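Taken together, the values in this text are just the output of simple stated rules run on the coordinates, not laboratory data. This one's a predicted model, so the numbers in the text were calculated from it and none came from an experiment. Ideal geometry is used to build each Cβ from the backbone, glycine not excepted, and the neighbour counts take in all protein chains shown.
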Amino acid sequence: MNKKKSLFIFSGILVFAVLLIALITAIGTGQGGGFKKLPSGIEYKIVINKSKVKVQQGQLMQAFITYKTEKDSVVFSTYSSPKKSTVFPVEKPENIGDMNEAMLLLGAGDSAIFYLPSDSIFKNNAKRPAFAGKGSYIHVGIRVDTIMTKEDFSKMADIKAEEQKLIDDELIKKYLADNNLKAEKTADGLYCVIEKPGTGPTAKPGNNVSVLYTGKLLDGVIFDSSEMGGGEPFKVKLGANSVIKGWEQGLLFFNKGAKGLLLIPSYLAYGDHEYPGRIPANSVLVFNIEVTNIK
């Protein structure tokens with residue numbers, strides 16, 4: 001449930017993908033088959049040249065990318081993610097063989113293939129993965145979906161966020177109705193159900209709160225609990241941003257000994273990020289909460 005832990009796990013996946021893109025600075029060594037070479041030495045083959053307008057430095061590219069070994073085994077693919085594609089900025093090339101130089105050849109609807117010598121990517125043999133033996137090549141396929149400015153991307157993200165808020169709110173209302181629950185709603189869209197009041201003042205920012213909890217999806221599937229952590233209460237300092245926003249706001253309803261539920265819309269939890277194997281993207285989360293202590 002700890003946001004830092006969850007974001008670290010998610011970030012690990014994202015960083016792996018970004019590193020693969022960033023590491024594509026290799027100099028081609030002649031793969032044939034109609035490949036051309038940029039002044040820096042990067043070899044490429046444009047498969048579809050659909051767009052007359054190519055991406056410019058500072059713009060964002062949404063693309064489908066697949067990395068394969070010479071034996072056609074997939075190393076990483078955006079197609080395996082819920083979004084199927086990835087969005088990244090195209091920046092000014094900073095060194096010889098910088099992949100940003102090759103990206104400038106592409107526009108919306110275009111696709112290309114690149115061959116990357118693993119010896120240039122994995123210079124440290126101690127970190128060389130098994131699929132990238134000496135003298136082998138990483139094959140990269142890219143298909144560009146959309147080119148946009150950072151401003152356009154921000155507007156699009158805002159629109160999607162507002163749409164998701166409405167979806168989440170309807171899902172929570174249905175859950176409350178189906179389970180005959182009455183809840184208090186915050187201005188941000190969090191719902192709280194106090195099933196058993198505690199004693200003393202409610203928690204406030206700066207307090208250290210000890211919590212027993214079970215986190216589940218709307219379908220009842222449990223993805224986390226204090227029991228999984230050894231059964232001891234989870235301790236959180238409110239206001240330190242060490243947990244998701246839904247917890248930061250929701251725990252302010254509880255005093256010592258109180259029990260209840262937090263129904264947290266996705267934008268106050270993990271948003272459109274996926275917690276692989278446990279929390280799908282855009283998930284409303286339900287937490288059974290018991291506050292055992294407040295200091």
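Figures for the structure shown
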{"quantity": "Burial order of peptide ranges 243-249, 85-91, 188-194 (average beta-carbon count within 10 Å, highest first)", "calculated": "243-249, 188-194, 85-91"}
{"quantity": "Those GluC sites (Glu not before Pro) in region 174-227 that DSSP places in a loop and that have at most 13 other beta carbons within 10 Å", "calculated": "227"}
{"quantity": "Pairs of lysine residues in region 120-184 - Cα separation under 14 Å, sequence separation of 8 or more or cross-chain", "calculated": "4"}
{"quantity": "Student exercise, region 118-222 dipole from Lys, Arg, Asp, Glu Cβ charges, in Debye to nearest 20", "calculated": "640"}
{"quantity": "Cα-based Lys pair tally, region 225-295, threshold under 14 Å, eight or more apart or on separate chains", "calculated": "5"}
{"quantity": "Protection proxy ranking, peptides 73-81, 211-219, average beta carbon neighbours within 10 Å, highest first", "calculated": "211-219, 73-81"}
{"quantity": "Computed lengthening from residue 50 to residue 77, 0.36 nm per intervening residue step minus Cα-Cα distance", "calculated": "7.4 nm"}
{"quantity": "Cβ-based exposure ranking for 261, 171, 166, in which fewest neighbours within 10 Å come first", "calculated": "166, 171, 261"}
{"quantity": "Prolate/oblate/rounded call for region 89-216, Cα gyration tensor, a/c under 1.5 rounded", "calculated": "prolate"}
{"quantity": "Spherically averaged projected area in nm², based on the convex hull that wraps the Cα atoms of region 181-224", "calculated": "4.7"}
{"quantity": "Debye equation applied to the C-alpha atoms of region 165-295, log10 I(q)/I(0) at 0.10, 0.16, 0.19, 0.22 Å⁻¹", "calculated": "-0.29, -0.77, -1.10, -1.46"}
{"quantity": "Residue exposure sequence - 152, 119, 158 - by fewest surrounding Cβ within 10 Å", "calculated": "158, 152, 119"}
